[in-house]
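Chemist: Handing you a structure now.
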Amino acid sequence: MSELADKVQRDLVAAIDNDDLVLPTLPEVAMQIRKAAEDPEISVSTLSKVIGRDTALSARLIKVVNSPLLRATQEVNDLHTAITRLGVNYSSNLAIGLVMEQIFNANSEVVEQKMRDVWLKSLEIAGVSYALCRRYTQLKPDQAALGGLVHQIGVLPILTYAEEHNELLSDPISLNHVIDRIHPLVGDKLLSVWEFPEMLAKLPGQYLDFTRESKRVDYVDLVQVACLYCYKGTNHPLAAIDAFSVPAFKKLKINPDNEAMCQELEESRLMFL
């Protein structure tokens with residue numbers, strides 16, 4: 001690692017340890033949805049009103065319901081029907097995840113593009129995680145999707161830091177070193193501050209451990225498999241990992257070369273885009 005990258009990493013880790021790192025806040029609409037969903041008696045109509053305050057988010061949920069993976073015989077054209085189809089809990093978790101796009105914004109073109117790349121890849125991985133969860137586990141697909149959406153969330157504070165430090169922003173190699181080394185640590189910190197459920201809060205810090213063993217299939221396993229699938233055939237370092245050697249694949253009993261499965265996963269990549 002370069003001297004600059006090493007210094008930045010030390011500074012950021014120290015800031016995290018001292019609670020001095022400026023972390024983005026959960027978007028207001030996400031907090032409203034979470035608060036509404038905490039009411040066990042909440043109705044579809046009430047949740048529709050909360051989500052409906054954000055027209056872009058409403059359109060995204062309707063699009064998800066009409067995606068090939070979830071499409072029914074009749075197309076859904078309104079938010080109330082979309083939430084009815086998905087269910088209150090599914091709708092709430094997916095909405096909270098999708099609305100995070102609002103914090104992927106920057107002042108510089110370089111950082112803006114980097115954030116956009118991270119978000120688009122997270123959307124792909126969320127879709128594949130959702131599909132894997134439905135087909136191969138008894139876990140909750142909405143939580144799997146949320147895990148996919150936030151697995152790289154730790155990149156955000158690092159890029160925000162870079163915008164304020166031109167020497168890092170002008171050295172892409174050092175910036176990428178820092179991101180690769182500490183975004184899992186920052187991600188765990190951020191999800192803890194946002195009070196994410198325990199089953200997801202440590203996901204950023206664990207999803208890159210491809211030797212990881214767990215007693216039963218969990219959301220980290222799903223995101224790991226989704227990541228390896230989405231980076232397959234690219235020049236990304238994860239493309240070089242032998243999927244057959246990864247415990248998560250074995251636990252899910254997945255054959256990475258199964259053509260029918262790959263076709264379904266390919267469709268699911270577009271689910272949230």
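The values are calculated or read from the model by the stated rules, or taken from the named source; none is laboratory data. Here the structure is a predicted model, which means the values were calculated and not measured. Because the Cβ atoms are built from the backbone with ideal geometry, glycine has one as well, and the counts that use them run over all protein chains shown. Note: areas computed on protein heavy atoms with side chains; ligands, DNA, RNA excluded. Shrake-Rupley method; radii C 1.70, N 1.55, O 1.52, S 1.80 Å.
Chemist: Averaged per residue, what accessible surface does the chain expose to a 1.4 Å probe, in Å²?
Modeler: 49 Å²
Chemist: Distance from the Cα centre of region 170-236 to that of region 71-150, in angstrom?
Modeler: 17 Å
Chemist: Here's a follow-up. Based on alpha-carbon positions alone, could you give the equivalent ellipsoid semi-axes of region 209-272 from the gyration tensor, as √(5λ), descending, whole Å?
Modeler: Here the semi-axes work out to 18, 14, 11 Å.
Chemist: According to a simple spin-label model (label point 7 Å from Cα along Cα-to-Cβ), what is the distance in nm between D6 and R212?
Modeler: The two pseudo-label positions are separated by 2.9 nm.
Chemist: Also: Return the distance in nm (one decimal) between the two label points of a simple spin-label model at E164 and V22, each offset 7 Å from Cα along Cα→Cβ.
Modeler: Placing both labels 7 Å beyond Cα along the Cβ direction yields 0.4 nm.
Chemist: Name the residue, out of R34, R53, R116, whose mean-square fluctuation peaks in a Gaussian network model built on the chain with Cα pairs under 10 Å.
Modeler: R53
Chemist: Here's another thing I want to ask about it. Can you compute log10 of I(q)/I(0) for region 150-244 with the Debye formula, treating each Cα as one identical point scatterer, at q = 0.11 Å⁻¹?
Modeler: Once normalised to I(0) and log-transformed, intensities are -0.37.
Chemist: Using a Debye calculation, one point per C-alpha and no hydration shell, please list log10 I(q)/I(0) for region 62-126 at q = 0.27 Å⁻¹ in order.
Modeler: Values returned for q = 0.27 Å⁻¹ are -1.14.
Chemist: Would you mind putting 206-215, 89-98 in packing order, based on average other-beta-carbon counts within 10 Å, highest first?
Modeler: 89-98, 206-215
Chemist: Another question about this same structure. Counting alpha carbon pairs within less than 8 Å and at least 6 residues apart, what relative contact order, in whole percent, applies to the chain?
Modeler: Result for the chain is 21 percent.
Chemist: Show that you can apply the helix-only estimate: for the chain, add -39,500 (n - 2.57) for every DSSP H stretch of four or more residues, divide by all residues, and state [θ] at 222 nm to the nearest 500.
Modeler: -19000 deg cm²/dmol
Chemist: With the full set of protein chains in place, find how many percent of the accessible area of the chain is carbon and sulfur; take the probe as 1.4 Å.
Modeler: Answer for the chain: carbon and sulfur cover 49 percent of the accessible area.
Chemist: Which of K63/K202; K35/K189; K7/K140; K114/K250 have a Cα-Cα distance over 31 Å?
Modeler: Going by Cα-Cα distance, K7/K140; K114/K250 fall outside the 31 Å limit.
Chemist: While we're looking at this one, here's another question. Using the scaling law 2.2 N^0.38 Å as the reference, what is the normalised Cα Rg of the chain?
Modeler: Against the compact-globule rule of thumb, the ratio is 1.01.
Chemist: Simple spin-label model, 7 Å along Cα-to-Cβ: E195 to R53 in nm?
Modeler: The two pseudo-label positions are separated by 1.6 nm.
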